[in-house]
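Each remark here refers to the structure printed beneath this line.
Bear in mind that the values in this text are calculations on the coordinates, not laboratory data. Source: prediction; values computed, not measured. We place every Cβ from the backbone using ideal geometry, glycine too, and count neighbours over all the protein chains shown.
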Amino acid sequence: RCRKIVAVLPIVVAPDPRLKEKSGPVDAVTPQIRKLMDDMLETMYASGGIGLAAVQVVVHKRILVMDTERGSERYGARDEAKSRPLFLVNPEIVETSEDENIYEEGCLSFPGQFAEVVRPRRARVKYLDYDGKEQVMDCDGLLATCVQHEMDHLEGIAFVDHVSSVKRDMILRKMKKAQKRE
């Protein structure tokens, strides 16, 4: 049996201006797009995240990978056997709930930074899967938060854009300070 060769990709860290660029649609789910999604998933797992948008690895295409089942230590790490990776190409939110959820969000492009963000508790998402087939998924709780967080990246929006300007400025100052130390 042949094992897939995957790579861990470098993640862009804020305040890199490339994170603010909007992502374009994917024309077709090709072997190259699947390879990118495999690499993104491996990168996300290696970094302890639960979601990753292609823009975070400097590919400005509408692609997300997520796995809220396996989780990270922050969200209560789970057994690798319980992995449930999701691959979303050209995702589109078609409906959200009126009721909201508050999660303390973090982001692989903002290492060590967290803030409470209010988002709709549920979301219905239309997308193309790993094989290019159209799917509709109803998301709730952490999955809904994760999909909305990652979809924001496709529009050049980060979780810090949902918090007060004071909190956002504080996080960005910490990010710039950390970059100077490196």
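Go through Lys22/Lys126; Lys126/Lys174; Lys82/Lys126; Lys20/Lys126; Lys61/Lys126 and tell me which ones have a Cα-Cα distance over 27 Å in this structure. Please list the in-between numbers first.
Working: Lys22/Lys126 19 Å; Lys126/Lys174 36 Å; Lys82/Lys126 24 Å; Lys20/Lys126 23 Å; Lys61/Lys126 16 Å.
Beyond 27 Å: Lys126/Lys174.
Where in the chain are the DSSP H helices whose alpha-carbon span along the long axis reaches 20 Å or more and whose Kyte-Doolittle mean is at least -0.5? List each step's numbers first, then the result.
Values: long enough: 31-47 (24 Å, -0.42); 141-154 (21 Å, 0.27); 165-181 (24 Å, -1.34).
Both cut-offs are met by 31-47, 141-154.
Among DSSP bridges having both ends in the chain, what percentage is antiparallel? Round to the nearest 5. Don't jump to the answer; show the numbers that get you there.
On the way: 27 of 28 bridges.
Just about 95 percent of them are antiparallel.
Evaluate the relative contact order of segment 117-174 (contact order divided by residue number), counting alpha-carbon pairs under 8 angstrom at least 6 apart; express in whole percent. Kindly include the intermediate steps, with their values, before the conclusion.
On the way: 47 pairs, mean separation 16.6, N = 58.
It comes to 29 percent, rounded to a whole number.
Which whole-Hz couplings ³J(HN,Hα) result when phi for each residue of segment 110-122 is put into the Karplus expression 6.51 cos²θ - 1.76 cosθ + 1.60, θ = phi - 60°, listed in order with x for Gly and Pro?
10, x, x, 10, 9, 7, 6, 10, 9, 9, x, 5, 10
How much of the calculated P(r) for the chain lies past 25 Å, in percent of all Cα pairs?
31
Compare Phe114, Phe87, Phe159 in a GNM of the chain, Cα atoms joined below 10 Å, and give the one with the largest fluctuation.
Phe114
Suppose only helical runs count, i.e. DSSP H with n ≥ 4. What mean residue ellipticity at 222 nm does that imply for the chain under -39500 (n - 2.57) per run, divided by all residues and rounded to the nearest 500 deg cm²/dmol? Show your work: numbers first, answer last.
On the way: 3 runs with 48 residues, N = 182.
That comes out to -8500 deg cm²/dmol.
Given a cut-off of under 8 Å on Cα pairs at least six residues apart, what relative contact order in percent is computed for segment 35-182?
Numbers: 248 pairs, mean separation 29.1, N = 148.
Reported as a whole number, the value is 20 percent.
Among Thr30, Thr68, Thr145, whose mean-square fluctuation peaks in a Gaussian network model of the chain (Cα, cutoff 10 Å)?
Checking each option, the largest mean-square fluctuation is seen for Thr30.
Got a sec? Charge dipole of segment 1-42, +1 on Cβ for Lys and Arg, -1 for Asp and Glu; which of Ile5, Met40, Pro17 is way out at the positive end?
It is Ile5, whose Cα lies furthest towards the positive end.
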